[in-house]
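Following: one structure in structure tokens, then a few remarks.
The values are calculated or read from the model by the stated rules, or taken from the named source; none is laboratory data. Model, not experiment: these values are computed from the prediction. Cβ placement follows ideal geometry from the backbone for every residue including glycine, while neighbour counts extend to all protein chains displayed.
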Amino acid sequence: MSNIIFTSHATAEGGREGHVQSDDGLIDLNLVDPAGNSDEEGSNPEQLFAAGYAACFDGALNLMASKEKKEIDSTLRADVSLVKDPEDGGFKVGVVLNVEIKGVSQSEAEHLAHLAHDFCPYSKATRGNIDVELNVTAK
């Protein structure tokens, strides 16, 4: 890897029913398998991935809007699902990005979302690896 801008660190113990913590302590969460029968409260890897993807994509979206000289307000909800993989009987991740954009037409919103999808580091990392669906709405 060359030209590293920054590196984040997190440590997980106990897998899907364990604990995750960032090196600075800002993330310090118990993990609970939502498919399990636990009454405990906690996060899960899909929720953490959804938060990161939503934030990254929204940043890319706003950058693309500024490059296109569009003033927008946006809300991004990432729905990250753990799904059964029919190929090997295991699991895989699927994502639906729900993009709401105020200040542009529907066609402009779709254009900006596709530009953001091409630019976003999370989209680049997942491209060709997982199913990602864009649902774009101009408000």
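Filtering the stretch 60-107 to residues that are part of a helix (DSSP H, G or I) and surrounded by 17 or more Cβ atoms within 10 Å (Cβ to Cβ) leaves Ala60, Leu61, Asn62, Met64, Ala65.
For Asn30, the criteria (1) under 20 Å from Val80 (Cα atoms); (2) loosely packed, with under 13 Cβ neighbours inside 10 Å; (3) not acidic (Asp, Glu) hold in every case but one, which is (2). Of the residues making up the stretch 122-130, at least one is at positive phi, of a type in the set (Gly, Ala, Ser) and in the same structural domain as Phe57 (by TED's automatic domain parsing).
How many of the residues in the stretch 82-106 are more than 30 Å from Ala35 (Cα to Cα) and either without any contact (Cβ under 8 Å) to a residue 24 or more places away in the chain or of a type outside the set (S, T, N, Q) (or both)? Here the count works out to 4.
Of everything in the stretch 114-139 that is aliphatic (A, V, I, L, M) and over 20 Å from Lys102 (Cα atoms), the residue that is surrounded by the most Cβ atoms within 10 Å (Cβ to Cβ) is Val132.
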